[in-house]
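> Okay, handing you the structure first.
What follows draws every value from the coordinates through simple rules; no lab data is involved. On a predicted model such as this, the values are computed, not experimentally measured, just so you know. Ideal geometry is used to build each Cβ from the backbone, glycine not excepted, and the neighbour counts take in all protein chains shown.
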Amino acid sequence: MADFSFDIVSKPDMAEVKNALQQVEREIGTRYDFKGSVSEVKQEDEKLILHSDDEFKLAALTEVLQSKLFRRGIDLKFLDYGKVETATKGTVRQEVTIKNGIATDKAKEITKMIKDKGFKVQAQIQDMQVRVTAKSKDELQNVMTAVKGADLDFPVQFTNYR
């Protein structure tokens, strides 16, 4: 009898993030309230650097960023906001980290929740993801439903379903 499995992962679609950033750039270029300001969003690997004239414009910039990401299907729980810092010439900047993968402590939370619910599955942590295996596809479906319904502070996707 074959075992069935799937992986619980937390990975944003970076191509969609890039598309959203291009849309943000275009909107900043056309919006009246950003005319003549230094507002910009730069991507450095898994970090976004938001830079603007003042905290008010930075908040507006954050709002534009969130709306574009949301429209492109990127869960806003992927974003981890750093504190607002003063930058050169009286401007402000903020670092936003794009969370990628499931941290070990969060993965332990997921495996504990699965075990506590009494599913007949094995859940193991593997390199920033959780692999769930079972003899029955129905049991895997039940685990997926439970994980989707759990109040996690990060988004999850299910991959490699076999």
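> If you take the Cα atoms of the chain, find Rg, then find the Kirkwood Rh from the mean of 1/r over all pairs, what is Rg/Rh? Don't skip to the end; give the middle numbers.
Numbers: Rg = 19.8 Å, Rh = 17.7 Å.
My calculation of the ratio gives 1.11.
> What relative contact order, as a whole-number percentage, does region 14-98 give when Cα pairs under 8 Å and 6 or more residues apart are counted?
Values: 124 pairs, mean separation 26.3, N = 85.
31 percent.
> Taking only C-alpha pairs under 8 Å that are 6+ residues apart, what is the relative contact order of the chain in percent?
Details: 261 pairs, mean separation 55.4, N = 162.
Over the chain, the number comes to 34 percent.
> Give, rounded to the nearest 20 debye, the magnitude of the charge dipole that the chain has about its Cα centre when Lys and Arg contribute +1 at Cβ and Asp and Glu contribute -1 at Cβ.
About 460 debye.
> Could you tell me which residue out of N19, V96, L50 lies farthest along the dipole of region 14-98 toward its positive end? Charges go on the beta carbon: Lys and Arg +1, Asp and Glu -1, centred on the Cα centre.
Selected residue: N19.
> Placing unit charges on C-beta atoms (Lys and Arg positive, Asp and Glu negative, everything else neutral), compute the dipole magnitude of region 14-98 about its Cα centre in debye, rounded to 20. Each step should come with its number before you reach the end.
Numbers: 14 positive and 16 negative charges, 50 e Å.
Rounded to the nearest 20 debye, it is 240 debye.
> Over all alpha-carbon pairs of region 86-129, lay out the pair-distance distribution in 5 Å bins, whole %, shortest bin first.
Going from the shortest bin to the longest, the percentages are 5, 18, 17, 14, 9, 7, 7, 7, 6, 5, 3, 1, 0.
> Taking the alpha carbon gyration tensor of region 14-98, what are the square roots of 5 times its eigenvalues, largest first, to the nearest whole Å?
Values: eigenvalues 77, 47, 20 Å².
Each semi-axis is √(5λ); the values are 20, 15, 10 Å.
> Each residue of region 131-147 in order: what ³J(HN,Hα) in whole Hz does its phi give by Karplus 6.51 cos²θ - 1.76 cosθ + 1.60, θ = phi - 60°, with x for Gly and Pro?
Coupling constants for region 131-147: 9, 10, 10, 7, 7, 10, 5, 4, 5, 5, 4, 5, 5, 4, 4, 5, 5 Hz.
> Here is a follow-up. Taking θ = phi - 60°, what integer Hz values does the Karplus form 6.51 cos²θ - 1.76 cosθ + 1.60 yield along region 11-26, in sequence order, with x for Gly and Pro?
Coupling constants for region 11-26: 10, x, 7, 5, 5, 5, 4, 4, 4, 4, 5, 5, 5, 4, 4, 4 Hz.
> Which entries of K11/K108; K108/K135; K117/K148; K47/K77; K18/K68 show an alpha-carbon separation above 20 angstrom in the structure shown?
K108/K135
> Okay, moving on. Listing I125, I110 from the residue with the fewest other Cβ atoms within 10 Å to the one with the most, what is the order?
Working: I125 16, I110 23.
Taking fewest neighbouring Cβ atoms as first place, the list is I125, I110.
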